[in-house]
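Each remark here refers to the structure printed beneath this line.
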Amino acid sequence: MSTVVLDTKSITTDAFAGLSSSGVTYTTSTVTWINVASTNATFRIVEASATSDEIIVAAGATGSYTATTLAHGTAHTFTLERYEVDTWIQQTSSTSGLDYVESTTFSSTMSLATGSSSSNVTFSDPGLTGSEYSLKHYVTGSTDVSTSSVETNTHASTISGLEQGVSYTVELYVTEGGADYLLDTSAFTTSAAAAMVLTGPFASYVQLDWSASTDGQGSNYRITNRVDSVDEVLVSSSTATEATIQDLTPGNSYTFVLQREELDATWSDQSEISTTALTTSLSIASVASKTIEVSWSNLYAGAEFELFYNGTANGKTTDLTSILRDLSPSTAYELELVIYELGEVVGLTTLGLTTNDSFLQGSNVAIIVGIIIAIVAAIIGMKMM
């Protein structure tokens, strides 16, 4: 039996349609291929257990498929299949020669810098354009959520108005395809308020120290004096954790407020102390024609005083009394009590009186009467001239 050739024809099978990755985002991955066949062809993409719908691509045209709602920061394997006669035939990658293309979606993680009432949030930039981000924060365990916008160019945001010493949760979202996707979650606790310890008060200064309650982050602090809700800056911005407030006025009240510079460049109150600078008044024990005995109250242990009369010093003393001697009878004197603090002279109080042993017998009433008589006599004398 012989074989008879009826016809011959040379046919070249189509090359595989090479699959390649053309871009990823946080939640999407796009693959493309070229239909190298001379006619329309039907394709599909298989990723894990998911299979796309049939995709018809014209001869020589480029096919494309985008997988959506993928998990961020995860690897995905895509294979391309072509429908041939009655079955699906797997194609290959145009770049690796493998039977699949692997792509990994982007991810971003946050970095936090925390103050006592603010937190600065930055996150890694995968280089995507047009992505929209947002931050949500809430007290950990609470359902009261606040949303903050994010500067796309810097990939940073500052959350302000937080409570001191409170634990918060912050979440980073990206918007893709009209939906928000959670990228990262982090927790932080704002710094507790730094508390001042007061040494003093003294007549002209106080010492404040808050080193024991700082969070060690090298934050800037300042001290203000608050009067009727207005702050006068006494100590400018510094990372120091102690300060000596000088040039106080004896007898004046002060409200010292410790403030911390926050990450949004505002100043938040940490603690405050109200106090009154110390002072005392002169008491006249006795007045005679040539001597005056003066006393005053002590301000603190070791305080060093000096009494001046008409500008003449009577000598430094830690005693609480002083006797002025060899004065002139019927002479007006102005007494001034000072204290020495931090190497400076601080005036505490002044008192005017007149010596006259004929009617001043050491009582405060007699002193006042003597002053009044002296003034009246001077007025009468002026009128007679």
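Since every read-out is calculated from the coordinates, none of them should be taken as a lab result. What you see is a predicted model, and the numbers here were worked out from it, not measured in a lab. All Cβ positions, even for glycine, are placed from backbone atoms using ideal geometry, and neighbour counts span all protein chains on display.
Brief remarks on what is shown
- Debye intensity ratio in log₁₀ form over the Cα atoms of the chain, taken at each q of 0.12 Å⁻¹: -0.99
- If you run the Gaussian network model on the chain, springs between alpha carbon atoms under 10 Å, then out of Ser271, Ser213, Ser64 the most flexible one is Ser64.
- Fraction of the pair-distance distribution of region 20-104 above 15 Å, Cα-Cα pairs, percent: 55
- Using the Cβ-Cβ distance between Val46 and Leu182 with R0 set to 30 Å, the FRET efficiency works out to roughly 0.60.
- In the elastic network of the chain, a GNM with C-alpha springs shorter than 10 Å, the most mobile of Asp144, Asp14, Asp209 is Asp14.
- Note: region 210-322, Cα convex hull, 146 Å³ per residue.
- Local charge for Tyr83 was computed over the other residues whose Cβ lies under 14 Å away, with Lys and Arg +1 and Asp and Glu -1, and equals -4.
- Spin-label model distance (nm) - Ala156 vs Thr140, 7 Å beyond Cα toward Cβ: 2.5
- Highest-MSF residue in the chain out of Asp184, Asp86, Asp247 [GNM, Cα springs under 10 Å]: Asp86
- Interatomic Cα distance distribution for region 197-276, bins of 5 angstrom, percent: 3, 15, 29, 26, 16, 8, 3, 0
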